Structures are given as C-alpha cells and as structure tokens.
Amino acid sequence: MARILIIEDDEEIRDLLDSLLSREGHVVATAANGKQGVAAFLAAPFDLVITDIIMPEKDGIEAIMDLRRGRPDLKLIAISGGGRAEPENYLHSAQLLGASRTLRKPFTNEAILSAVRDLLG
C-alpha cells in the first residue's frame, strides 16, 4: 500500500489517523509539527501527506509550500479546525498553495478514508 506522512500537533488526532490508515494497510509515519514533518519527508519518500494547518514551530501553510517546492506532484490533504479565523479561510489558503483535498475538523473516518482513496487511486 501507500506510504503516508501525517503532520499533526494534536496527539489524539495524530494517533487516530495513524491507527485508521495503518488498519487500511498503509505504512504511516507521523510528525508533531511542520518542521518535523518536512524533515521526515526529506528523509524518506511518501505517496501522500496529511497536514494540519495551525501548528507550532512551522505551520501547515509553510509546510505545504516547502513540500510542494520539492515535489509539485505530491498528493496532499490539509485539515484544520481553525484558529484565529474560520477553518475555511486556512483551508482555502492551503488549496491555493496546492493541497489536493481539504477537510474541516472534526471529520468522519469515512471522509478521511474517502479522500485518501480518491487521491491514491
């Protein structure tokens, strides 16, 4: 199956996504912020990245720009529950920068699995 990188600062969501995608047969790696996520991505190839937007050290918008710079064809899902603004504002920015799909938190297991399946074919 696919190699998926999850970049998410919320440990519960990160663990949920890891478990959900691992049960689907994917090889999953995780990172707690954008800085760690970009480093993990540069160290090993991934087929898909799922990234939160609002995170410490390096947010998801910065991570998307860094990841896209090296791999413009990368399949990427941006997720957000918002911050100072509505989640749609952050997700719209992520989409403009190249996110293949966006999901507002909270999302269902089926919604994330559907997005992953669509992108991976």
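Tabulated data
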read-out	value
Rounded percent of accessible protein surface that carbon and sulfur make up, segment 1-111, 1.4 Å probe	50
Shape of the chain, Cα gyration tensor, a/c cut at 1.5	rounded
Hits among lysines - C-alpha to C-alpha of LYS35 under 21 Å, sequence gap 8 or more where chains match	LYS58, LYS75
Extension gain (nm, one decimal) between ARG3 and ASP118, 0.36 nm per residue minus Cα-Cα	39.9 nm
Global geometry of segment 1-53, whether rounded, prolate or oblate, following the gyration tensor of its Cα atoms and the 1.5 cut on a/c	oblate
Rough spin-label spacing in nm, given labels placed 7 Å along Cα→Cβ, for MET65 and SER22	3.4
Distance (nanometres) between label positions extended 7 Å along Cα→Cβ at PHE107 and GLN95	1.3
CD proxy at 222 nm, helix term only [per DSSP H run n ≥ 4: -39500 (n - 2.57); per residue of the chain; nearest 500]	-14000 deg cm²/dmol
Heavy-atom accessible area per residue - the chain, 1.4 Å, Å²	51
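The values are calculated or read from the model by the stated rules, or taken from the named source; none is laboratory data. As the structure is a computational prediction, the values presented were derived from the model and not from experiment. Cβ coordinates were reconstructed from backbone atoms using ideal geometry, including for glycine residues, and neighbour counts include every protein chain displayed. Areas reflect the complete protein model, heavy atoms only, side chains present, ligands, DNA and RNA absent. Shrake-Rupley method; radii C 1.70, N 1.55, O 1.52, S 1.80 Å.
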